[in-house]
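Read through the structure below, which is laid out as structure tokens, and then see the notes.
Nothing in this text is a laboratory measurement; each read-out follows from the coordinates by a stated rule. Every value quoted in this text rests on a predicted model; they were computed, and no experiment measured them. Cβ atoms come from the backbone with ideal geometry, glycine included; neighbour counts cover every protein chain shown.
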Amino acid sequence: MTAVILGGGVSGLASAYYLVRNSSPFQRIILLEASDRLGGWIQTSRLDNGAIFEHGPRSLRPAGKGGKNTLSLATELGLSNDIIAVTRNHPSTRNRYIYMNKKLNRLAMGGGFKNTFYKQPPFSQSVFSMVINELRAPVPVNDIEDESIHSFFSRRIGQEVADYLLDPVFRGIFAGDISKLSVKSCLPMDVLKLEKDYKSLIKGALRHKDKDDEEVYAMNDIMRATKERWSTWSFQKGMSQLSERLEDVIIRRGNVEIRKSTPCRGLEFDGDKVKVITDTESITADHVVSSIFSQDLSKLLGSPQEELSNLLNQITAVSCIVVNVEYKDYVSQIEGFGHLLPSSEDPCVLGVIYDSSTFKQHDAATYVSSRYTMMLGGAWYDELVDRLGNLQESTIQDYACKVLSEQLDIKIEPSAVVVTIQKNCIPQYFVGHSKLVESIDKCVADNGLPLSLVGSSYKGVSVNDCINNAKLTLKQFVHGIKKV
Ligand SMILES: Cc1cc2nc3c(=O)[nH]c(=O)nc-3n(C[C@H](O)[C@H](O)[C@H](O)COP(=O)(O)OP(=O)(O)OC[C@H]3O[C@@H](n4cnc5c(N)ncnc54)[C@H](O)[C@@H]3O)c2cc1C
């Protein structure tokens with residue numbers, strides 16, 4: 001039996017890994033990757049001086065099922081000694097800022113318990129008052145299937161929290177607009193259910209226990225993360241170490257052929273088989289695992305799959321510009337994870353990550369420096385392009401450095417700037433997304449298509465989600481085949 005995996009980002013690589021690891025029935029597994037490299041949005045540049053710039057994901061959270069699973073994977077891949085972690089009392093965990101009214105406002109989480117009773121800018125209420133608001137907020141009489149993040153938090157805590165806290169936080173994660181993003185699909189918990197069951201989100205979050213019934217294979221790094229209280233982690237040589245090691249291990253384990261620079265051009269389903277068309281051949285497969293963006297998959301389907309194609313096409317994604325900046329011989333006075341901007345402050349500038357504050361190990365080895373990453377665009381990409389006038393690298397560099405020097409009061413010229421334009425890089429889970437994904441799954445099942453869907457388009461955009469969803473989807477699939 002032959003399986004073809006479409007896409008060699010972290011979801012495609014994890015799919016290949018778990019198929020091999022779980023003794024799938026496939027004698028032959030072929031992974032097709034359109035570009036000449038693996039990793040997808042995981043893109044690390046390693047400079048000659050030792051500095052590391054991430055143009056995609058830069059850190060992972062150890063918490064939750066997905067977090068534990070990635071730690072377990074790192075152990076299995078023999079990457080334990082390459083993990084770099086920051087703990088919960090590290091300045092980058094304690095200090096997170098909102099840039100508003102042209103200044104940095106430190107979030108109360110970094111200010112100690114007593115500060116929860118004081119008003120802290122940019123909010124006109126203390127955290128304590130917000131908690132009281134939430135505990136007292138009425139529960140809707142009729143069940144709500146889904147609503148926007150903005151609407152949910154406005155009615156539960158207050159519009160100010162939605163506008164100046166949730167708005168920037170989700171611009172930082174989804175690069176998206178919380179008046180459109182789904183509260184059901186974008187949060188790690190089903191907050192609508194918590195509200196319904198416990199009459200309050202806070203009470204629900206405190207009482208609700210996630211069933212920890214997922215199998216994790218290796219515990220070493222999970223235990224280390226718990227004991228040492230990690231809040232976030234990465235790898236010595238950057239995030240690409242994960243995709244590079246996955247590639248090595250998959251190849252060493254035998255029956256996976258990785259074909260780079262080989263885009264899939266079409267899928268033709270015929271009974272329980274599927275023809276996978278590339279520029280040079282047509283591969284007859286027993287199963288296809290698609291890890292590519294849903295709209296890209298939609299274009300590969302022919303007219304018999306028009307319904308599925310139309311459903312897949314409804315999931316959209318936003319584009320971002322990522323600007324990595326290094327200042328040589330400069331040590332920032334501001335320590336923290338970074339700052340985010342509410343869309344009311346400046347829609348086009350999503351935020352700035354203080355890379356050196358979190359992972360000093362990634363600074364140049366030969367001189368003192370401070371590295372930052374500015375994220376621009378997202379749901380406001382078109383507005384950004386209008387503002388810039390053109391997308392020439394020098395225009396973007398000048399703009400990003402000007403904004404950075406204004407927001408962080410940096411008065412020197414940068415020593416290195418790298419601009420990356422990431423088109424359609426973060427899928428947007430709008431209100432109704434979970435229903436749409438259900439319809440997609442149903443359409444695949446009703447038509448008996450030998451197709452599994454993984455990747456960031458469906459059930460979580462974080463690297464942890466992508467890996468964990470690939471694991472769960474393929475475990476279920478292999479289990480199903482073995483039962484038959
Ligand atoms: C700027 C940025 C910052 C981020 N920061 C974080 C972070 O800090 N932490 C975190 O957890 N997550 C972060 N994310 C999210 C996370 O990185 C992505 O959601 C995740 O990497 C997506 O992986 P994937 O394999 O599902 O998709 P992709 O990475 O998109 O991989 C899909 C692959 O399929 C290939 N492909 C496309 N079409 C075809 C075809 N027809 N045939 C064959 N191959 C094809 C593509 O070339 C690509 O390699 C970030 C994302 C971005 C863009």
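For the stretch 1-59, what relative contact order do you get, as a whole percent, if you take Cα pairs closer than 8 Å and at least 6 residues apart?
35
Based on alpha-carbon positions alone, could you give the equivalent ellipsoid semi-axes of the chain from the gyration tensor, as √(5λ), descending, whole Å? List each step's numbers first, then the result.
Working: eigenvalues 261, 156, 103 Å².
Three semi-axes, in Å: 36, 28, 23.
Compute the Rg/Rh shape ratio of the stretch 91-207: radius of gyration over Kirkwood radius, all on alpha-carbon atoms.
Details: Rg = 14.5 Å, Rh = 15.0 Å.
So for the stretch 91-207, dividing Rg by the Kirkwood Rh gives 0.96.
Between residue 307 and residue 282, take the C-beta separation as r, use R0 = 25 Å, and let me know the FRET efficiency to the nearest 0.05. Could the numbers behind the result be given before it?
Values: r = 24 Å, r/R0 = 0.96.
Result of the calculation: an efficiency of 0.55.
Looking only at the stretch 20-37, which residues have a backbone nitrogen under 18 Å from a spot 7 Å from the Cα of residue 237 in the C-beta direction?
Residues passing the 18 Å test: 37.
Using only alpha carbon pairs under 8 Å that are at least six residues apart, calculate the relative contact order of the chain and give it in whole percent.
Values: 952 pairs, mean separation 123.1, N = 484.
The value is 25 percent.
How much of the DSSP bridge set in the chain is antiparallel, in percent, rounded to the nearest 5? The partial results should precede the final answer.
Details: 51 of 72 bridges.
Percent antiparallel among DSSP bridges in the chain is about 70.
Using a 10 Å cut-off around each Cβ, can you sort 173, 292, 315 from fewest to most neighbouring Cβ atoms?
Working: 173 14, 292 28, 315 22.
With the sparsest Cβ surroundings first, the list reads 173, 315, 292.
When ranked by the protection proxy of mean other Cβ atoms within 10 Å per residue, highest first, what sequence do the peptides 356-365, 120-129 form?
Details: 356-365: 19.5, 120-129: 16.2.
Highest-to-lowest ranking by the protection proxy: 356-365, 120-129.
I'd like the trypsin sites (Lys or Arg not before Pro) in the stretch 409-444 restricted to DSSP loop residues with at most 13 other Cβ atoms within 10 Å, sorted by number.
Details: sites: 411, 423, 435, 442; in loops: 411.
Listed in order of number, the matching sites are 411.
Among the lysines in the stretch 91-207, how many pairs, 8 or more places apart or on different chains, have alpha carbons under 22 Å apart?
Pairs that pass both the separation and distance tests number 10.
Sort 465, 355, 36 by Cβ crowding within 10 Å, fewest neighbours at the top.
Details: 465 22, 355 26, 36 8.
Fewest-to-most ranking of 465, 355, 36: 36, 465, 355.
If one computes P(r) from the Cα atoms of the stretch 282-337, what percent of pairs lie at distances over 18 Å?
Numbers: 924 of 1540 pairs.
Roughly 60 percent, once rounded to a whole number.
Counting Lys and Arg as +1 and Asp and Glu as -1, what is the net charge of the other residues whose Cβ lies under 14 Å from the Cβ of residue 441?
With Lys, Arg at +1 and Asp, Glu at -1, the neighbours total 0.
If you stretched the chain out fully between residue 442 and residue 394, how much longer would it get, using 0.36 nm times the residue separation minus the C-alpha to C-alpha distance? List each step's numbers first, then the result.
Values: separation 48, 0.36 × 48 = 17.28 nm, distance 4.77 nm.
Gain on stretching residue 442 to residue 394: 12.5 nm.
Under a plain spin-label model, where a point goes 7 Å from the Cα along Cα-to-Cβ, how far apart in nm are residue 344 and residue 63?
With each label point 7 Å from Cα toward Cβ, the separation is 2.6 nm.
What is the magnitude of the charge dipole of the stretch 91-207 about its Cα centre, with +1 placed on the Cβ of each Lys and Arg, -1 on the Cβ of each Asp and Glu, and no other charges, expressed in debye to the nearest 20?
Values: 18 positive and 12 negative charges, 130 e Å.
Around 620 debye, computed over the stretch 91-207.
Would you order 453, 206, 404 from fewest to most other beta-carbon atoms within 10 Å of each residue's own beta-carbon? Display every interim value, and only then the final one.
Working: 453 23, 206 10, 404 20.
Placing the least packed residue first, the sequence is 206, 404, 453.
Ignoring everything except DSSP H segments at least 4 long, calculate the 222 nm mean residue ellipticity for the chain; use -39,500 (n - 2.57) per segment, divide by total residues, nearest 500.
-10500 deg cm²/dmol
Give me the distance between the Cα centres of the stretch 431-484 and the stretch 28-81, rounded to whole Å.
21
How would you classify the stretch 57-156 from its alpha-carbon gyration tensor, with a ≥ b ≥ c the square roots of the eigenvalues: rounded for a/c under 1.5, else prolate if a/b is greater than b/c, otherwise oblate? Provide the component values of the computation, followed by the final result.
Values: a/c = 2.56, a/b = 1.44, b/c = 1.78.
Cα axes put the stretch 57-156 in the oblate bin.
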